[in-house]
Amino acid sequence: MAPVTLYQFELCPFCHKVKAGLELKGIPFSKVEVNPMGKKELPELPAGSPRKVPVLQIHGEFIADSTTILSYLDKRIDTGMRFLPTEPELAAKAEAIEQWVDDELIMALPTVIYGSWREALTAAQVTARTSNFGFFQNLGVRAGGPLIMHQISKRILKKNGRSDGHRWVQDNLDTVEAWLGDADFVTGPTLTLGDVAVHGALSCVRDFPIFAKILARPRLAAWFQRVQSLRDANAAPAAS
């Protein structure tokens, strides 16, 4: 396969959705970390396309939007792993869960990444460590980033009529556990697009306190490890 490149930002849950899909499909890829300030690392995109991550370069094309990318991978890359089941009812449920992840879960996650000063400091450190900042920009992010990120979290909470980001995410985790029930995956006995989306989004918070609360839920922890094991087993060596 021709080289595949993911243009991403390390704290972007949408990017983590795409990484989950690539790994589950066994597609080797390289990453380009996009500076969230200037975004100069992004390639030239079709007219009208928003200049934001994720962007996937594959088969000579540049594809934006995590949902569009996952759909492309499922329809065009046959590695034996399918994200959408053939049964229409299960496929509709998987697509509905992915949409919920975009509309609800991913909207809540920044409030537990930037919500407290400790979380915002960790987020600033991750950003400085992984982004393509120069020396002085790096210092600026470490010094001023927590304040900016904390303010972003407060705005998100206010916009959504919420006061507690951790409670908001816990409510979302309740929803995921209800979908799981006694099944191995969110739509039943086999992994689907819904699992790709939820697992990818939650992978974004591994460095933050909320992740311990995810793992403190036995049913959710077992599911998370189940999907992670598939990702680890299928993941191809990183492209050079």
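What follows is calculated from the coordinates using simple rules that are stated; it is not laboratory data. Computed from a prediction, not measured in an experiment: that's the story for all the values here. Here Cβ is always computed from backbone atoms with ideal geometry, including for glycine, and neighbour counts include all displayed protein chains.
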14 Å reach of a label modelled at T175, 7 Å along Cα-to-Cβ, counting backbone N of segment 69-96: 94-96
Name the residues of segment 42-84 whose amide N is less than 18 Å from a point 7 angstrom out from the Cα of R155 along the C-beta direction? 51-53
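Within 10 Å, count the other beta carbons around each residue, average over each peptide in 189-202, 64-77, and list them highest first.
Details: 189-202: 24.6, 64-77: 18.4.
Packing order, densest peptide first, comes out as 189-202, 64-77.
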Can you spot the lysines whose alpha carbon is less than 21 Å from K213's alpha carbon? Ignore those fewer than 8 places along the same chain. K17
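For E95, what charge total do you get from the other residues with a beta carbon under 14 Å from its beta carbon, if Lys and Arg give +1 and Asp and Glu give -1?
On the way: positive: K17, K75, R82, K93; negative: D74, E87, E89, E98, D102, D103, D195.
Overall, the nearby charge balance is -3.
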Packing-wise, with mean Cβ within 10 Å as the measure, how do 13-21, 162-170 rank, highest first? 13-21, 162-170
By count of other Cβ within 10 Å, fewest leading, how are F185, F83, F211 ordered? F211, F185, F83
Residues whose placed amide H lies under 5 Å from that of V32, excluding near-sequence neighbours: L6, Y7, Q8
Would you mind checking the pairs K31/K52; K19/K93; K93/K158; K19/K159; K52/K159 and listing those with alpha carbons more than 24 angstrom apart? K93/K158; K19/K159
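Expressed in nm to one decimal, what extension gain is obtained for the pair A236 and E87 from 0.36 nm per residue of sequence separation less their Cα-Cα distance?
50.8 nm
Kindly state, to the nearest 0.05, the FRET efficiency for L45 paired with S229, given R0 = 22 Å and r defined as their beta-carbon distance. Don't skip to the end; give the middle numbers.
Details: r = 35 Å, r/R0 = 1.60.
Efficiency, rounded to the nearest 0.05: 0.05.
Note the full-extension length gain between A216 and N35 as 0.36 nm times their separation in residues minus their Cα-Cα distance, in nm to one decimal.
61.8 nm
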Residue-wise, which Karplus ³J(HN,Hα) couplings in Hz belong to segment 12-28, taking 6.51 cos²θ - 1.76 cosθ + 1.60, θ = phi - 60°, and x for glycine or proline? 9, x, 5, 5, 5, 4, 5, 4, 4, x, 4, 5, 5, 7, x, 9, x
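Would you work out the charge dipole size for segment 5-76 about its Cα centre, treating the Cβ of every Lys and Arg as +1 and the Cβ of every Asp and Glu as -1, and quote it to the nearest 20 debye?
Working: 10 positive and 8 negative charges, 15 e Å.
With only Lys, Arg, Asp and Glu charged at Cβ, the dipole is about 80 debye.
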For segment 178-190, Karplus-derived ³J(HN,Hα) couplings (6.51, -1.76, 1.60; θ = phi - 60°; whole Hz; x for glycine and proline) come out as 5, 5, 5, x, 9, 7, 6, 9, 5, 10, x, x, 10
